[in-house]
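What follows is a set of notes on a single structure, which appears directly below.
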Amino acid sequence: MNKPLSGQALDRVDGPAKVTGSARYAGEFPDEGLLYGSVVNSHVARGRIRHIDCDAALAVPGVVAVLHHLNRPPMAGDDESYEDADAAHGQPFRPLFNDRVLYSGQPLALVIATSLELARHAGSLLRIEIETAPHQTDLLAALDQAHDAPAELPKPRGDFDAAFAAASFQVDATYSTPNEHHNPMEPHASTVFYQADGSLHVHDKTQGTQNSQDYLHKVFGLPKDRVRVCAAYVGGAFGSGLRPQYQLTLAVMAALQLRRSVRVTLTRQQMFTFGYRPRTVQRLRLGADQQGRLQAIHHEVTAQTSRFEDFTEHLVEWAGMLYRCDNVATAYRLVPLDVYTPLDMRAPGAASGVIALECAMDELAENLGMDPLDLRRINFADSNGNEGKPYSSKALLDCYAQGALRFGWHQRDPQPRSMLDHGELIGWGMAGGVWEALQMKASARARLDADGHLWVSSATTDIGTGTYTVMTQIAADAAGMDLREVTFQLGDSSLPTAPLQGGSFTVSSVGSAVRQACQALRGKLVAQMKARYPELVDNEAEDFEIRAGQVHVGASVYPLDELEARVDAEPSASRQGFACATHSAVFVEVRIDEALGTLRVSRVVSAVAAGRVINPKTARSQILGGVVWGLGMALHEETQVDHALGRNMNHNLAEYHIPVNADIGEIEVIFVDEPDDIVNELGSKGVGEIGVVGVAAAVANAVRHATGRRLRDFPLTVEKLLG
Ligand code: MOS
């Protein structure tokens, strides 16, 4: 009873449904008479549609309709209606809105048929005439077109120019990172059930059911009580489901036009036709004194965006909050291209921005002749210099110490090319990581049924992060009940309001609401029991235990009634005046065969400070996934563009390289102890994103140590290693 959150390594409560296949994903709901839509995309990067010839497609038996910009149902004409909870600055893309072609891959038509195969075949028979216009998709060729990003940057402090010029040691280096696409295992899909009364029940692949609901409400003028959006299970998203994607708009369009139920599933190739992590060019300048203390930091990024929206992410603020430095300046510019708008991808901004920062720190350490870990230690900041606020907690020094110990860092010979094993060059590199620990408004409901089972709910999603499980733990703990008597429900727009699942803030936001709702329910129960049974008036609240459908107080047992409590939770007031962030230290070993140009990452130790860890098992899985992704960012991942055609070329999982099992060696995850009563009532900071941050830089630093070569253009492929 009322034990503190146990930190139990509970198996996923949704595991059995997932492994037995009873968990249904957005594209898996069966229905008699369901129609299937197949999207036809543009192969031209810029132009105007002259004509769409649908005759051959419509002649195919089983084809019901072809929708395009001239025959679609009415949709909103203003920009605001298309803005969603993760919208970028500018004019959101509108599928099938008019004759403009804005990027290669743009959806131009939807073929609807009685089977998906028929719809795809008929789609190949469409004749679309496009008057093409010159396009530009190459960031490097258009750097002169850059404008300031509409992002809130930290205020510059001190005098960077003077401090950099006067610094004893300087680094001035430019790094680049490529476009990357999310590619969750489950492709995007929406199944729209058209109800007899004309209302819609939608199963959507999304990170925010209410975001999709609100979007459909505004774009199609549908009253909110006539659109219900569910996402009970999501097969990974990583940010790709933060905005309503075009398959949702098209499926709803078709359902409204035909008054039928319709499903639209994107192909793997079509997963490369919307948001992605944008390509960047980053110049990092660091100045330090004789002892290695940072005197000057300048982080300058140019990234790509679309011509219709200015996508921004948190790229340049990390240096000024991770390290103590009095002279810091940043610059962030965007180049509009004939491409789709980028989109948040796991640790958006930090994943790419910290690459440049942490590689530059390694370069500085080498210039100083200092151990890279020591350089970071002496520049530790216990307050966020960007905001002038102390951290609620920052156990980064413990991450450094515990990670280094586990890795054996003290045995490192700093000399590049000095560590050899069986003819392979061994490289040891490290980097730090940082991510925000945010908290949003969220609501939750707790309901005790007559059988004494606790049902707790919120409209949040579980994109594979473990939300079902962790919320069940938080609820059981707050209600003082056994886990088996608690069920958490999510993924339904009709449940209490929740933010998008993203930004690593679900535990802090929804978890706080869940805890408060369960505490409120207990409060009601205790008050009710005391009013009903005079012999209980002197009992403490902790004496009441809900178990097996009854209330136990000492040796006495009482029946229970149905009870409900609903809570709208605000971010914790205690956060005022504090900066809140998660941190990590990543240590990497690479083994390189120079003759073959092969590079293997044999070992990674990731030490993470994320406050209280509620479920060490699901949390560890998050960090493992993040580390694997970081290795992919370092060595494999890159959406390659044919700039002559303005088209993504490697749009499949055979040619878009990600690490496979054989690429991954040992990964050790350490959660350092980080008590934090300020960040929120759970003391928990979220672990969805910190795992990826810093990993790619640690690999590049290890490659430098192994080979003596500093590669600054990511990913570090074999060609670059041999080149
Ligand atoms: Mo994450 S990019 O906040 O889904």
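The values are calculated or read from the model by the stated rules, or taken from the named source; none is laboratory data. Just so it is clear, the model here is predicted, and its values are computed rather than measured. Ideal geometry is used to build each Cβ from the backbone, glycine not excepted, and the neighbour counts take in all protein chains shown. We work out accessible area using only protein heavy atoms, side chains counted, and drop any ligands, DNA or RNA first. Shrake-Rupley method; radii C 1.70, N 1.55, O 1.52, S 1.80 Å.
Listing for the model above:
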{"quantity": "Test for ILE658: is it at pLDDT 95 or above, open to solvent by 10 Å² or more (accessible area, probe 1.4 Å), over 30 Å from ARG575 (Cβ atoms) and aliphatic (A, V, I, L, M)", "calculated": "yes"}
{"quantity": "Test for VAL695: is it at pLDDT 95 or above and open to solvent by 40 Å² or more (accessible area, probe 1.4 Å)", "calculated": "no"}
{"quantity": "LEU357 vs. criteria buried (at least 24 other Cβ atoms within 10 Å of the Cβ), in contact with a Gly (Cβ under 9 Å, 6 or more places away or on another chain) and part of a helix (DSSP H, G or I)", "calculated": "yes"}
{"quantity": "Candidates ASP677, ASP713 - the one that is surrounded by fewer than 18 Cβ atoms within 10 Å (Cβ to Cβ), under 24 Å from ALA319 (Cβ atoms), away from the ligand (no atom under 16 Å from the Cβ) and in contact (Cβ under 8 Å) with a residue 40 or more places away in the chain", "calculated": "ASP713"}
{"quantity": "From the options ASP344, ASP362, residue that is crowded, with 20+ Cβ neighbours inside 10 Å, acidic (Asp, Glu) and not in a helix (DSSP H, G or I)", "calculated": "ASP344"}
{"quantity": "Qualifying residue in segment 639-652 (condition: in a helix (DSSP H, G or I), more than 16 Å from the ligand (Cβ to nearest atom) and either in the same structural domain as ARG46 (by TED's automatic domain parsing) or not hydrophobic (A, V, I, L, M, F, W, C) (or both))", "calculated": "no"}
{"quantity": "Given (1) crowded, with 16+ Cβ neighbours inside 10 Å; (2) not in a helix (DSSP H, G or I), index of the condition TRP455 fails", "calculated": "(1)"}
{"quantity": "Test: residue in segment 541-564 that is within 30 Å of GLU436 (Cβ to Cβ), surrounded by fewer than 21 Cβ atoms within 10 Å (Cβ to Cβ) and either in contact (Cβ under 8 Å) with a residue 40 or more places away in the chain or over 25 Å from the mean Cα position of the chain (by Cα) (or both)", "calculated": "no"}
{"quantity": "GLN295 being surrounded by fewer than 24 Cβ atoms within 10 Å (Cβ to Cβ), outside any loop (DSSP other than H, G, I, E, B) and touching a Cys at 6+ places or on another chain (Cβ under 8 Å)", "calculated": "yes"}
{"quantity": "Wholly enclosed strands (runs of 3 or more DSSP E) of segment 28-80 bearing at least 1 residues out of contact with any helix residue (DSSP H, G or I) (no Cβ under 9 Å at 6 or more places or on another chain) and open to solvent by less than 40 Å² (accessible area, probe 1.4 Å)", "calculated": "47-53"}
{"quantity": "Tally of residues being among the polar types (S, T, N, Q), surrounded by 22 or more Cβ atoms within 10 Å (Cβ to Cβ) and within 30 Å of MET370 (Cβ to Cβ) across segment 169-214", "calculated": "1"}
{"quantity": "Residue ID - nearest to the ligand (Cβ to nearest atom), chosen from residues in segment 218-234 that are open to solvent by less than 20 Å² (accessible area, probe 1.4 Å) and part of a loop (DSSP other than H, G, I, E, B)", "calculated": "VAL234"}
{"quantity": "Some residue of segment 505-523 being surrounded by fewer than 24 Cβ atoms within 10 Å (Cβ to Cβ), away from the ligand (no atom under 16 Å from the Cβ) and β-branched (Val, Ile, Thr)", "calculated": "no"}
{"quantity": "Some residue of segment 243-257 being surrounded by fewer than 24 Cβ atoms within 10 Å (Cβ to Cβ) and touching a strand residue (DSSP E or B) at 6+ places or on another chain (Cβ under 7 Å)", "calculated": "yes"}
{"quantity": "Residue match in segment 379-387 (condition: open to solvent by 10 Å² or more (accessible area, probe 1.4 Å), touching an Asp or Glu at 6+ places or on another chain (Cβ under 9 Å) and within 16 Å of the ligand (Cβ to nearest atom))", "calculated": "no"}
{"quantity": "Qualifying positions in segment 262-275 - part of a loop (DSSP other than H, G, I, E, B) and open to solvent by 10 Å² or more (accessible area, probe 1.4 Å)", "calculated": "THR267, ARG268, THR273"}
{"quantity": "Residues that are within 21 Å of the chain's Cα centre (by Cα) and among the polar types (S, T, N, Q), drawn from segment 239-266", "calculated": "SER240, GLN245, GLN247"}
{"quantity": "Total residues in segment 465-502, condition within 14 Å of the ligand (Cβ to nearest atom) and open to solvent by 20 Å² or more (accessible area, probe 1.4 Å)", "calculated": "3"}
{"quantity": "Identity of the residue in segment 182-196, over 26 Å from the mean Cα position of the chain (by Cα) and in contact (Cβ under 8 Å) with a residue 12 or more places away in the chain, that ends up farthest from the ligand (Cβ to nearest atom)", "calculated": "TYR194"}
{"quantity": "Flag if THR280 is open to solvent by 10 Å² or more (accessible area, probe 1.4 Å) and either away from the ligand (no atom under 16 Å from the Cβ) or outside the structural domain of LEU222 (by TED's automatic domain parsing) (or both)", "calculated": "no"}
{"quantity": "Any chance ALA85 is surrounded by fewer than 20 Cβ atoms within 10 Å (Cβ to Cβ) and either in the same structural domain as GLY208 (by TED's automatic domain parsing) or closer than 30 Å to GLU152 by Cα (or both)", "calculated": "yes"}
